[in-house]
Amino acid sequence: MKIGVAGAGAVGSFFGALLHQGGHDVTFLARGEQLEVLNQQGLVIQGESENIRIGGEFTGDPYELAQSDLILFCVKSNDTEQMAKQLHPILKEDALVITLQNGVDNEGKLQEIFGANRVLSAATYVQVSMKVPGQVYQRGRVKLVIGELIPRASRKAKKITEEIRSAGIDTQYSGNILERKWQKLLWNITFNPLSATIEAKLGEILDSAPLRKTAENICREALATVAATGITIDQEKAFSTIFSNAELARSHRTSMLQDRQRGKKMEVESMCGYVVRKARELGVPAPTLETIYYLLTFMNERNQ
Ligand SMILES: NC(=O)C1=CN([C@@H]2O[C@H](COP(=O)(O)OP(=O)(O)OC[C@H]3O[C@@H](n4cnc5c(N)ncnc54)[C@H](OP(=O)(O)O)[C@@H]3O)[C@@H](O)[C@H]2O)C=CC1
Ligand SMILES: CC(C)(CO)C(=O)C(=O)O
């Protein structure tokens, strides 16, 4: 399959590299220093058990993705519309776009631009960061759960799941991907905004009584919001899974913390803003989350 990676940062470079290794023809769209280093040295993945270096096609020109059968959509959510509008006029009409992004609001934005039928979604389980350009540092489990957003695209989602699995990536199909993405969002909202506000790794949040209590409050508020949307989630089970999974990622700097430390705009709107607005709309009190949302919004504005 011809695959274009739209946004070869941590997630895009990592999954693009695995697909390249698995025999797919992958083109990585990058920019700035990242692109310069990729062109000079190739891409290095520093995994838990091995380091791999891959060559491949690295470009700053979106037209080089025009012949892709599949786009791995991996920019931060603040860049979703801009990247989608660049790609839409140049892609083949039957090319599919799969979002590996966190949150649950990129899907709708992509469907509006590419059409409902062409967009798939993935819940992305991986811990990756770019310590220096051209090098992705990966820890923890690697897994994708893929699904369609409208029932008539299920055949496409199953086919893509198979293609990605056959490249050696643990990949599952889900008939209810948005619920799965909400579950991932619950994890992210519990830790990403707090970790970015106080610049702490997950282990520090888990070990400090006041920080842990704050994370628990956020988690409870977000769980109540999800319940009010009508999605049925076992709240106690979800709560304990979120905190036990965090134990497995103690040394991870969340992607939002990475953005803060690199002076990049954080994904505040698609993560906190989205849930805060949903809570307000549904009459669910979410004071902790709302406060963190205001603090992060201030930080994003100050950095612009
Ligand atoms: N990091 C993680 O462990 C995980 C992240 N996620 C989610 O995955 C998504 C991607 O995260 P992550 O990979 O960490 O983010 P990164 O910032 O590392 O990657 C995004 C990349 O896209 C590039 N980009 C943006 N716009 C363009 C453009 N027009 N042309 C070329 N390149 C462009 C960015 O460049 P620049 O840096 O110049 O802006 C950056 O290199 C997010 O939604 C995140 O929440 C999900 C699971 C785990
Ligand atoms: C914490 C993690 C790695 C969970 O997959 C994540 O989604 C993020 O850093 O944004």
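A few comments on the model shown:
- The range 67-193 gives an Rg/Rh value of 0.95, both radii derived from C-alpha positions and Rh following Kirkwood.
- Using R0 = 22 Å, the C-beta based FRET efficiency linking Ala209 and Ser240 works out to 0.80.
- Computed E for Ile231/Val132 - FRET, C-beta separation, R0 35 angstrom, nearest 0.05: 0.30
- Cross-link pairs exceeding 22 Å between alpha carbons, from the set Lys201/Lys237; Lys2/Lys159; Lys131/Lys213: Lys201/Lys237; Lys131/Lys213.
- With the simple model of a label 7 Å out from the Cα in the direction of the Cβ, Lys264 to Glu162 spans 3.5 nm.
- Degrees between helix 32-41 axis and first principal axis of the chain (Cα, 0 to 90, nearest 10): 50
- Listed by chain and number, the aspartates and glutamates whose alpha-carbon sits under 15 Å from that of Lys85, ignoring those within fewer than 8 places in the same chain, are Asp61, Glu93, Glu107, Glu112.
- For the options Ala249, Ala209, Ala238, a Gaussian network treatment of the chain with springs between C-alpha atoms closer than 10 Å singles out Ala209 as fluctuating the most.
- Residue among Val132, Val275, Val142 with the largest mean-square fluctuation in a Gaussian network model of the chain, springs linking Cα atoms under 10 Å: Val132
- Spin-label pair Arg280-Asn176: with each label point 7 Å from Cα along the Cα-Cβ axis, the two points sit 2.9 nm from one another.
- Estimated at 0.36 nm per residue, the fully extended path between Met299 and Ile150 surpasses their Cα-Cα distance by 50.0 nm.
- Subtracting the Cα-Cα distance of Tyr125 and Glu64 from 0.36 nm times their residue separation leaves 19.2 nm of extension gain.
Read-outs: derived from the displayed coordinates by stated rules, not from any lab. All figures in this text were calculated on a predicted structure; none of them were measured in a lab. A quick note on method: Cβ atoms are made from the backbone with ideal geometry, for glycine too, and the neighbour counts reach across all protein chains shown.
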